[in-house]
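Contents: one structure, followed by commentary.
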Amino acid sequence: MDYIKVKGHDHLIRDTKTNSIINTNVSEYNEYISRRDSKLKENQKVQNLESDVANMKEDLDEIKFLLRRLINESWWSNTWKFEQKFWICKI
């Protein structure tokens with residue numbers, strides 16, 4: 001392969017067959033990889049947190065539903081007992 005240096009840039013060369021630019025600076029490449037990996041980890045962390053929050057919201061909705069159901073059943077059973085006592089006393 002034939003390469004030509006890019007004017008004004010010490011670490012850039014051009015591939016004459018594909019006309020692509022290649023960066024030969026290894027330290028810049030390693031910094032790029034490090035930044036990319038760090039950003040990917042951060043994105044994964046955010047996704048995990050969003051998933052955890054969504055799961056907690058579902059759990060809270062289920063707890064609220066069960067509490068309402070428990071309260072309603074308790075109210076109806078207490079009401080029924082009261083009505084039974086009332087009718088017994090009335091008779």
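The values are calculated or read from the model by the stated rules, or taken from the named source; none is laboratory data. This structure is a prediction, so every number in the text was calculated from the model and none was measured. Cβ: placed from backbone, ideal geometry, glycine included. Neighbour counts: every protein chain shown. Quick note on the areas: whole protein, heavy atoms, side chains included, nothing else; ligands and nucleic acids left out. Shrake-Rupley method; radii C 1.70, N 1.55, O 1.52, S 1.80 Å.
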- Item | Counted residues, region 12-59 - those being open to solvent by 70 Å² or more (accessible area, probe 1.4 Å) and over 39 Å from the mean Cα position of the chain (by Cα) | 4
- Could you check, for region 62-73, whether at least one of its residues is modelled with pLDDT of 90 or more, of a type outside the set (D, E, K, R) and surrounded by fewer than 10 Cβ atoms within 10 Å (Cβ to Cβ)? no
- Query: Within the set of pairs 6+ apart or on separate chains, which have a first residue in region 14-41 that is farther than 23 Å from residue 3 by Cβ, a second that is open to solvent by 90 Å² or more (accessible area, probe 1.4 Å) and not in a strand (DSSP E or B), and C-beta atoms under 6 Å apart?
  - Reply: none
- Task: Quick one: in region 1-11, of everything that is in contact with a Ser or Thr (Cβ under 9 Å, 6 or more places away or on another chain) and either of a type outside the set (D, E, K, R) or modelled with pLDDT of 95 or more (or both), which residue is most open to solvent (accessible area, probe 1.4 Å)?
- Result: 1
- Message: Anything in region 14-59 that is at pLDDT below 95 and among the hydrophobic types (A, V, I, L, M, F, W, C)? List them, or say none.
- Response: 21, 22, 26
